[in-house]
Amino acid sequence: SPLWSCSFWHTPSSEGLPLPVFFCLFVSCMGQQAFSTMEGLAARLSTTTEGQMGGGRCPAQAVDLDHPLDVKFDYAPAKEMGGLRVSGLYGKAKLRENDVILSVNGKMLKNLEGQQLIQTFKQAIENAHGQGDKLVKLRILKGKEKMKEKGKEKAHGISTSIAEGAKAEVDSKSMKGKKLLPLPPKKIKLVLWDMDNTLLSMHTRGVWFNKVEDLFEHVTLPFLQLVPRLLKEGFQVGVVTFSDAEVAKIYSEMEGRKGRGGEDLVGPVIHGAITQAALSSGVDSKTATQSATKTVEQLYVVGALPDFRNMHTVEFQKKRMPMSKFWHIEKVKDLHQKRFPGSPRIKNEEILFFDDSASNICAAERDDVNARLVDPSNAFTEKDWLEAIEALQKEEKS
């Protein structure tokens, strides 16, 4: 995440300071208590997901590889695994996104935390550069590669569904022979998705400083197919995320450039992705834009990072926001009742929820939410949806 803007090199910020130094100056102004909290906050914003390495069932095997020092990459603490998780690559390498680095040139990272973890890694890299080495030896746990869509026909079929939805011409004849994902059972009233590594096939790392347009292609195709149709069929739909507009505001002021998070990011990304998909399917620009606007206006979007809110927001000084999606889900229920006065409050068992964090899923399940864990290396897939619907149908019959 931007809170751990770390790499092999120091990227100059808008103030002319290396980003890691800039971050440390920011933290020091907040005091020692703030520093420890921001370390935890940074870990929450990284691409970590509990229990995912090795497929979430079998333990992954560590492997050694020699990595070229001139091939740079981004990384963030992998809290549940220990070590550093690769979150972005800038050249050809044997590493890939989601790999977890356990040691570098024999220096163990697995049992280190926070700033000590980052500094140990950086020092090992600097030592290698100083010795004139061209390679650095890494011990890693291999992460899963992102699942590739099979063929253009599948993607076209989903885009066609979006286009037909935009034209409001979906009927039994036009959809004959076309594959549509099944709708949830009647007991489900609300469908929720997390954003990073769930409805998006990547992680925005807390604050997104790049162009919003860069994220359009990362919105998963099943999500694009399902959302307009679910809304058309009367289901409530929303996004609950730890990405936080308040965090983005602070980092934007620090950086002197516009960053987005939370509600300020989710809406524009979904709007743009739906518009782009409709345009690529032959829908005229006005209709595509109007359809996307109507869809986004119906969504419930709640973005808040618990660690940050508990520290900086008066509302949560006494009653802290749980480190889960509990508060986010309750907020969506509040928004639903505000939008439909007099309507009964949605019950947890009437919610279907997708997230790539095992801890968020477990917490939701304890509250009787129908929660489904998404593999972060694949993000939300048709398989995730079909398995969720099948489980709900079996439960309904039993």
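The values are calculated or read from the model by the stated rules, or taken from the named source; none is laboratory data. Remember, it's a predicted structure, so these values are computed and weren't measured experimentally. Note: ideal-geometry Cβ built from the backbone for every residue, glycine included; neighbour counts use all protein chains shown. Just the protein is used for accessible areas: all its heavy atoms, side chains included, with ligands, DNA and RNA removed. Shrake-Rupley method; radii C 1.70, N 1.55, O 1.52, S 1.80 Å.
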>> Between region 304-364 and region 243-300, how far is it from one alpha carbon centroid to the other, in angstrom?
In response: 21
> Can you work out the FRET efficiency for the pair LYS187 and ARG339, with r the C-beta to C-beta distance and R0 = 25 Å, to the nearest 0.05?
Replying inline: 0.75
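From the square roots a ≥ b ≥ c of the eigenvalues of the alpha-carbon gyration tensor of region 204-362, which class results: rounded (a/c under 1.5), prolate (a/b over b/c), or oblate? List each step's numbers first, then the result.
Working: a/c = 1.97, a/b = 1.19, b/c = 1.65.
Oblate, because a/c is 1.5 or more while a/b does not exceed b/c.
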> How do 185-195, 280-290, 378-388 rank on mean C-beta neighbours within 10 Å, highest first?
Replying inline: 185-195, 378-388, 280-290
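Need one word for region 261-320: rounded, prolate or oblate. Basis is the Cα gyration tensor (sqrt eigenvalues a ≥ b ≥ c); a/c below 1.5 gives rounded, then a/b vs b/c decides. Please list the in-between numbers first.
Details: a/c = 5.69, a/b = 3.74, b/c = 1.52.
Taking the square roots of the gyration eigenvalues as a ≥ b ≥ c, region 261-320 is prolate.
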>> I need the phi-derived Karplus couplings for region 272-287: 6.51 cos²θ - 1.76 cosθ + 1.60, θ = phi - 60°, integer Hz, Gly and Pro marked x.
In response: x, 5, 5, 4, 4, 5, 5, 4, 5, 9, x, 6, 5, 4, 5, 5
> What accessible area per residue comes out for region 194-244, rounded to a whole number of Å², with a 1.4 Å probe?
Replying inline: 30
> Taking the simple approach of a point 7 Å from Cα along Cα-to-Cβ for both LYS211 and VAL63, what is their distance in nm?
Replying inline: 3.5
> How many percent of the accessible area of region 259-306 is carbon or sulfur, using a 1.4 Å probe?
Replying inline: 48
>> Students often get this wrong, so check it: of LYS142/LYS232; LYS186/LYS294; LYS142/LYS249; LYS211/LYS318, which have C-alpha atoms separated by over 30 Å?
In response: LYS142/LYS232; LYS142/LYS249; LYS211/LYS318
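Give the carbon-plus-sulfur fraction of the accessible surface of region 317-375 in %, rounded to a whole number; probe 1.4 Å, heavy atoms of protein chains only.
Working: 1620 of 3120 Å².
Carbon and sulfur atoms account for 52 percent of the accessible area of region 317-375.
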> Averaged per residue, what accessible surface does region 268-308 expose to a 1.4 Å probe, in Å²?
Replying inline: 38
> In nm, to one decimal, how far is the LYS294 label point from the GLU330 one, both placed 7 Å along Cα→Cβ?
Replying inline: 3.5
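Taking square-rooted eigenvalues a ≥ b ≥ c of the alpha carbon gyration tensor, is region 309-369 rounded, prolate or oblate, where a/c under 1.5 means rounded and, failing that, a/b exceeding b/c means prolate?
Details: a/c = 2.50, a/b = 1.13, b/c = 2.21.
Verdict is oblate for region 309-369.
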> In nm, to one decimal, how far is the modelled label at ARG96 from the one at LYS286, with both set 7 Å along Cα→Cβ?
Replying inline: 4.7
